[in-house]
Amino acid sequence: MKRSGAILLLALGAILGIVTPALADGAQVGADIHVAQTLGGRDLTVIIRRVAEVPGPVHVDVVTHAGSPPGEITLTARAAGAQTSTTKVVLGEKPGFYSGVLTIDRPGPWELAVDEATIPFVVPALVASPWENATYGGFIAAGVLLFLALLFAVFGKPGLALVPTAGMVAAIAVAATAALLSPGIPPVAAPGTQLDPTFDNVNDPYQRTSATDFSRPPVNLVPSMNGNDLVLSLTDGSSGRPVDDLLVHDSAFMHLVVVSPSGNLRHLHPIRTAPGEYRARLQAPEQGTHAIAAEIARRGGGVQLLRSQVDVAGSTAVKNDGKAGLATEIREAGRPSTITAGFGAKDLQPWLGMLGHMIVVGPVTGSPADAPIWAHVHSMIPPTPGMPDKPDESVAAYGPNVPFTYSFPLPGRYLVWIQVERDYSIITVPTVVDVPAKGVAEK
């Protein structure tokens, strides 16, 4: 009797002494979605905040930048078979954050309409992981078995008490093992990334789905002009159907670089107006043939760079007149070169999740449209004590130096633009880089 009682006390101490850790793969609550949008004459960042419960509210922040006109925009959340939720957001003259609240009543694929722009997003169901169920289920089973063992011991049947005691020890071992191993188990693919959001894994991401090949063929890009609107048609290279499976990549569905005949840059983020159709307005465009490059990420197909050109019937040349001190160490083609832009103060804001962006086009011998190399290089946000790991545009505490490293693959003259954000204004600094051939002394 004493021996069985000691075993029971030890088991009880084990249960009470174990603190369940925070599991890395618990309920699938999603994450904030940042999407840059060139909406008419406005450059906006739309932030769809993570959904904490379904049904429940979804908070949407709209970040305006310098030069964006004030006014009212309409936010609408809609899904097949769900109740539509609409709200108005009044954008003021001062750039910054403006908020609205919508209602989500079910998990699954949704669409946020921002005036004529549409942003697809997925609301995952709140589902506990198998190892989380094993942890809590094991401790619950251990508690039930402990109660049975105590009953047998109290009523003078210590031999029978050993059976639930052994089961209790096994349940604790299962629960503890699941709790200890769960932080090292990779999370499942979020619905809408590797897996199509129309599959049942939206409601249960841990169940097996059909064995489908999620690879995607290349995308065809066909540009055209509708007034001052650049219209981009995306079709599947295999089926010819509209491509409507783009992922948010570096805070945008599409990063569009437009270079005018005189070498001026526009970095735009077209809005989705229909499946496979994106639009961006060219403010006061320059007349002539413009080179365009669209960087996209397709679900299951990785990042793709689509290039083309379009004739624009404009008249005004846009000047990139940002200023910065540049320090360069340009090495021969094929070796890493460094370009550091200095902006004088430590007040830069993250833009598109990065400290800075560098667009590279070259070697240029005539029209930029004929340049063989197009590249989009990032300067990452440095980890800073006291700052969030993924700061948004509300944090202005970075710089003044913005470094870039890039290996120019071919010798020749390159057009380079560096872009940063300050006071909710995008600063574009152009420069020209001459890259020597291999075997030529470094400059």
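Taken about its Cα centre, region 219-312 carries a charge dipole of about 80 debye when Lys and Arg each add +1 at the Cβ and Asp and Glu each add -1 at the Cβ.
Couplings 3J(HN,Hα) of region 274-279, computed from phi: 6, x, x, 10, 10, 9 Hz, in residue order, whole Hz [Karplus 6.51 cos²θ - 1.76 cosθ + 1.60, θ = phi - 60°; x for Gly and Pro]. Note on region 359-373 and region 41-120: Cα centroid distance 38 Å, given to the nearest whole angstrom. Model label sites at L305 and T74, defined 7 Å from Cα along the beta-carbon direction, differ in position by 4.0 nm. Each label was represented as a point 7 Å from its Cα along the Cα-to-Cβ direction; for M225 and T338 these points are 4.3 nm apart. Surface composition of region 325-435: carbon and sulfur atoms hold 53% of the protein heavy-atom accessible area at a 1.4 Å probe.
Please give the per residue accessible area of region 111-178, computed with a probe of 1.4 Å over protein heavy atoms only, in Å².
On the way: 3080 Å² over 68 residues.
Accessible surface, normalised per residue, equals 45 Å².
Surface analysis of region 325-435 yields an accessible area of 42 Å² per residue, using protein heavy atoms and a 1.4 Å probe. What does the C-alpha gyration tensor say about the overall shape of region 284-368? Classify as rounded when a/c is under 1.5, otherwise prolate if a/b is larger than b/c, or oblate. Rounded is the answer for region 284-368, as its axis ratio a/c remains below 1.5.
Maximal additional length on extending the T87-S425 stretch stands at 119.0 nm, based on 0.36 nm per residue less the C-alpha distance.
The values are calculated or read from the model by the stated rules, or taken from the named source; none is laboratory data. On a predicted model such as this, the values are computed, not experimentally measured, just so you know. Cβ sites come from the backbone with ideal geometry, for glycine too, and all protein chains shown count toward neighbours. Just the protein is used for accessible areas: all its heavy atoms, side chains included, with ligands, DNA and RNA removed. Shrake-Rupley method; radii C 1.70, N 1.55, O 1.52, S 1.80 Å.
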